[in-house]
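Colleague: The structure that follows is given in the form of structure tokens.
Derivation of every value follows stated rules applied to the coordinates shown; laboratory data play no part. Nothing here was measured: the structure is a model prediction, and the numbers come from that model. Quick reminder, even Gly has a Cβ in these numbers, built from the backbone with ideal geometry, and neighbours come from all protein chains shown.
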Amino acid sequence: MGRGWGKKTRRGPGHGNFDPHDVNTVKHTRLGVWDLYEQMDPGIARLPGVSEMMRRLEVLNDLPYVWRMVRDVASIKSCRLYFLIYCIVELLSSLLPAVTLWFSGHYLSIIQTAIERSVVDRELLLYASVGRLGCAFAGRVLQYIKSSVEFPLNLKIKKHYSIHIFENMARLDVPTFDDPLVQTRLDTATTSSRSTHSLAWDTISVVIAVLTATIRLASQFSVLLKVVGGQRDGVIFVVLHFGQELFRNDFKPGFYLFSAKAWAATTKDREYVKLQGLKRTMNDNSHRKEIVAGNLERFLTHEFRYAYNNASGLVADFYELLRYKSSQTTPSLSSLLSVLLREAPEAFYLLRAAEHPASIPVSIASMRLVQATTSSFMTAFMGFLNESGSIAERFHKVRQLYEIENIPNDVVDGNISFPEDRQSLKSGMSVEFRNVSFKYPGSENMVLRDISFKVEKGQLCVIVGSNGSGKSTVLKLILRLYDPTEGTILIDDQDIRTLKLADLRECVSVLFQDYTHFPLSIRDNIALGSPQCAHDSDKVREAARLGGAEDFVDRLPEGFDTYLDRPVRDYYSGIPGGTKTLFGRPVNFGAVDHAMGGMRSSNSVHLSGGQMQRLAVSRSFMRSLLSEGQDIGLLLFDEPSAALDPTAEHDLFVRLKNLRGQKTMIFSSHRFGQLTRPADLILYMNDSEIVEAGNHVGLMRQGGEYARLWNLQAQAFL
Ligand SMILES: Nc1ncnc2c1ncn2[C@@H]1O[C@H](COP(=O)(O)OP(=O)(O)OP(=O)(O)O)[C@@H](O)[C@H]1O
């Protein structure tokens, strides 16, 4: 697993264009406040049954992946024994109904002998009864064994595929991960791993179910013919009962909307959209403060009621309406036929009984037997049909699960190791932009236009400029989160595209303006700055001290083990109102989880924006300044002090200055002064371009925009 990552392949089946308004290919249905658009099958496929057949034939393309899945599962050592037991149990279970039927068949000959010779063959009766009981007992035992092995087997398989998905998601770069098509493919793969059963297990168990259903059908049918074949009218009974059962199970494609066909649903109902927005506003506790402070409760209720009353159709969730629609089918021919056929066996039986009164007891017994068998037979048969319908879909999903490892990254890796000499990093790295222009994927706007500059090794560069002028984008390009649309970036005079990505990123430390906190403990959030030293608690603490976070983290109840937003909730129910904490965490009586019939605690620790930034700065320190053997030659900071108070900002810059040594440092900042005055190079950006470049003295002498803004900020302190 994990091989063939770099392979360029098509990004999945979604490459065509689905235009909901193309009346030739798309069917529109109104469902209450929703509009449903379904792709119609092209040409010949529109004939009844053809598209279904074509869809089932598509399974052939997916089979190699299913085979790979079976091999992968078989290669999981801990699974093998469980899997073998499961298969044997399924095989025995599929033969059991036929064996039961065979024993039941003896009852018929007992009744026949009793009528003809007025004696009951007690030995045979005992044999048949014990046999049937034995079958019932064996059925229970097999079921118990099956449920005992199914759960651990499913968990082991699930673990295997969760790692597969995680690994393949981790390797994706920013533009690829942002690609909506890639998101869809990942969603398909991750959804299956999140459900109680894994896709792999579901697929394998369905394949086994189809095989065993076939065995069950064949064995039951042959025993049934043997048992009643000798009876008068036995075969006619079988046919009549089959007809009855067949039409009892009315075939309904109903929910087949969700096959491989493209479809889309939207609502254009403004009131419905508003209604949902109002609901969210009310449910999300982050808005509560403003609702209360703004006295909004009456207004919001009025708006909610108005939206509900003025929506233009049935107001319901899309799936709810879809279910309602599929239940509104007109009575089919098969349902009318079923009424007739339901009565047929009994009518036939009465007719024959009148002609041959002596055979009544045998007829009753054989009718019961045939009835019971056909009913269970048809249940299995219908299950088989349903499974083979969904199996195509499931096989297709298996293919998608494996194909995520072929999603190519947009940023192509280079092949030159960097740097040649790690010692050289101590004196920094040079960065040069040559005529670089850039627009973000999917956007038409150039956010950098013909940018050229060079930061020499060991220099301090500060990029200043207005909001949206492109400062952060420059930093992102240095890390190759994206490649320039035009122009070249050189690192130590080598084209950045030729360098191995992992090598490049290992030499650079960055603190983004829009840093995020991972849903992990504070310790891990800081430690992630340096994966090599992640388990060194002393270094984590030292980084927190340098980042100005140590004091407030120590004051938190769980210290460095605190989760800012714990990703796993506690579940509880019926807790007395006086309970303030559970498991060391505050009890949240507001978060009722209806699905679980209990409550989930949502315990997030609220930190201020400045404290959050201190944590992010600590992570940056962890990476850039503390790790031995992990040499950093370039430090990038995007507004590292935006949320810090003046003292914290001052302390941060002093620490950075002390620990920086000779490394190259590039800042993006709105603030002038502390940073720009000592800078070797200041780049003043406006509207995607560098409009002024030089050091502080030079730019002040120039008397341009930089000087104007410097004076503006300086005046504020006069
Ligand atoms: N992922 C993205 N996709 C599309 N456009 C983006 C993306 N990120 C940024 N932009 C756009 O690129 C332009 C430059 O953004 P950038 O973040 O580089 O500006 P900035 O100078 O750092 O701004 P600020 O001072 O506000 O941080 C902006 O117009 C922004 O809207």
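Colleague: Set the Förster distance to 41 Å, then compute FRET efficiency between Met446 and Ser162 from the Cβ-Cβ distance, nearest 0.05.
Modeller: Calculated transfer efficiency: 0.50.
Colleague: Aspartates and glutamates near Lys158 by alpha-carbon distance under 20 Å, same-chain residues fewer than 8 away left out - which ones?
Modeller: Lys158 reaches Asp72, Glu150, Glu167, Asp187, Asp202, Glu393, Glu403, Glu405.
Colleague: Once each part is reduced to its C-alpha centroid, what is the distance from the stretch 62-79 to the stretch 299-328 in angstrom?
Modeller: Taking the Cα centre of the stretch 299-328 as reference, the centre of the stretch 62-79 is 45 Å away.
Colleague: Further, regarding this structure: Quick one: what are the phi-derived ³J(HN,Hα) couplings along the stretch 547-564, Karplus 6.51/-1.76/1.60 with θ = phi - 60°, whole Hz, x for glycine and proline?
Modeller: Running phi through 6.51 cos²θ - 1.76 cosθ + 1.60 with θ = phi - 60° gives x, x, 9, 3, 4, 6, 5, 4, 7, 6, x, 9, x, 5, 8, 5, 9, 5 Hz.
Colleague: While we're here: 7 Å from Cα along Cα→Cβ at both Val141 and Asp651: what's the point-to-point distance in nm?
Modeller: Computed distance between label sites Val141 and Asp651 equals 7.2 nm.
Colleague: Now for a different question. Under 17 Å Cα to Cα from Lys500, which aspartates and glutamates show up? Leave out anything in the same chain fewer than 8 places away.
Modeller: Of all the aspartates and glutamates, those that pass the test against Lys500 - Cα under 17 Å, at least 8 places apart if same chain - are Asp173, Asp410, Asp413, Glu420, Asp421, Asp483, Asp492, Asp631.
Colleague: Another question, if that's okay. Under a Cβ-Cβ cut-off of 11 Å, what is the net charge of the residues other than Ser688 that fall near it, where Lys and Arg count +1 and Asp and Glu count -1?
Modeller: Computed value for this residue: 0.
Colleague: Counting pairwise Cα distances across the stretch 473-546, what percent come out greater than 21 angstrom?
Modeller: 41 percent
Colleague: As a quick test, which of the pairs Lys426/Lys539; Lys77/Lys146; Lys279/Lys580; Lys159/Lys439; Lys279/Lys325; Lys476/Lys657 have an alpha carbon distance above 31 angstrom in this structure?
Modeller: Lys159/Lys439
Colleague: Summing +1 for each Lys or Arg and -1 for each Asp or Glu, what net charge is found among the other residues whose Cβ lies under 14 Å from the Cβ of Val70?
Modeller: That sum, taken over residues with Cβ under 14 Å, equals +2.
Colleague: For the stretch 270-311, what is one quarter of the convex hull surface built on the Cα atoms, given in nm²?
Modeller: The Cα convex hull of the stretch 270-311, projected and averaged over all directions, gives 2.6 nm².
Colleague: If you don't mind, there's one more thing I want to ask. With +1 assigned to the C-beta of every Lys and Arg and -1 to the C-beta of every Asp and Glu, and no other charges, what is the dipole magnitude of the stretch 270-311 about the Cα centre in debye, to the nearest 20?
Modeller: 40 debye
Colleague: Given a Förster radius of 25 Å and the C-beta distance between Ser466 and Leu528 as r, what FRET efficiency does 1/(1 + (r/R0)^6) yield to the nearest 0.05?
Modeller: Rounded to the nearest 0.05, the efficiency is 0.20.
Colleague: Could I ask something else about it? Give the separation of the Cα centroids, the stretch 372-451 to the stretch 641-705, in Å.
Modeller: So the separation of the two Cα centres works out to 38 Å.
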